[in-house]
Amino acid sequence: MNNVEASNKKPRCQHISKIGARCQADPQTGKDYCFFHDPEQKSKQAAARKQGGEVRSRNTEPKITLPPNLAAIPLQKPSDVYELLSQTVNNFRRGEMDLPAIKTITYLAAILLRALKTNIQPDVAELLADTINQFRCGQLELRAAKAIGNIASLMLNVLKLDAMQKRETAEAEATRAAEAIGRAQSTSSITSAPTEAPRYDNMDDTRADNTRAVTTPTVPVKPLEDHDLYPTAVTIATVNTATHQARHA
């Protein structure tokens with residue numbers, strides 16, 4: 001048996017991947033699977049992956065340059081932030097601080113100014129101030145400082161959105177209250193307005209308090225004839241005519 005045949009017969013891990021490929025790793029002694037595919041080693045596999053990730057994270061963590069023995073700054077008002085940036089620029093110009101460090105401090109300082117300007121939640125400003133001072137003193141890693149800055153920025157956005165929603169709700173309630181008052185005043189003015197007497201075109205249809213009005217019929221006046229104009233003269237003439245006829249009879 002040559003070396004090629006011996007290598008072909010060398011045992012391999014029995015694990016088959018999802019695409020049908022077989023694992024080419026050596027199996028554990030007395031087992032059919034390698035360490036990473038052994039069903040009995042699940043907990044140890046997870047611990048190994050976690051440890052490997054932590055090692056890679058430490059190896060890839062950028063090294064930053066910071067001046068030694070930096071004093072903490074209160075960072076409670078905008079003038080404190082100005083002092084921080086002034087010191088940072090001077091440290092960078094003297095070569096005591098590198099570019100990643102100055103970028104991180106500037107990023108955190110910008111978020112801190114937002115927190116101080118809004119004054120919505122003092123805890124966020126205090127968190128950022130502590131983060132900046134810890135980073136400047138070398139007590140906090142670069143990635144951790146940036147992560148805290150991202151969280152603080154998101155917290156400020158959430159607080160701003162919450163304040164906007166509360167203001168919109170208050171304005172909507174005030175508008176509804178004003179509309180309700182307007183409707184009540186309109187109803188009150190209509191109720192208290194004097195009632196005008198009803199007007200009727202036909203006198204026979206007039207009614208007040210459900211009682212028919214009594215009307216007096218109008219009798220048309222007959223034009224006077226000529227004899228109606230002088231009733232006394234007519235009477236005298238009639239008497240004289242009768243007397244004359246009696247005499248001749």
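Values in this text are rule-based calculations from the coordinates and carry no lab data. Every value quoted in this text rests on a predicted model; they were computed, and no experiment measured them. Virtual Cβ from ideal backbone geometry, glycine too; neighbours counted across all protein chains shown.
Each of Ser186 and Asp123 was given a label point 7 Å from its Cα along the Cα-to-Cβ line. The distance between the two points is 4.7 nm.
Computed over region 78-164, the quotient of the alpha carbon radius of gyration and 2.2 N^0.38 Å is 1.10.
Take 93-106, 24-37 and order them by the average number of nearby Cβ atoms within 10 Å per residue, most first; the result is 93-106, 24-37.
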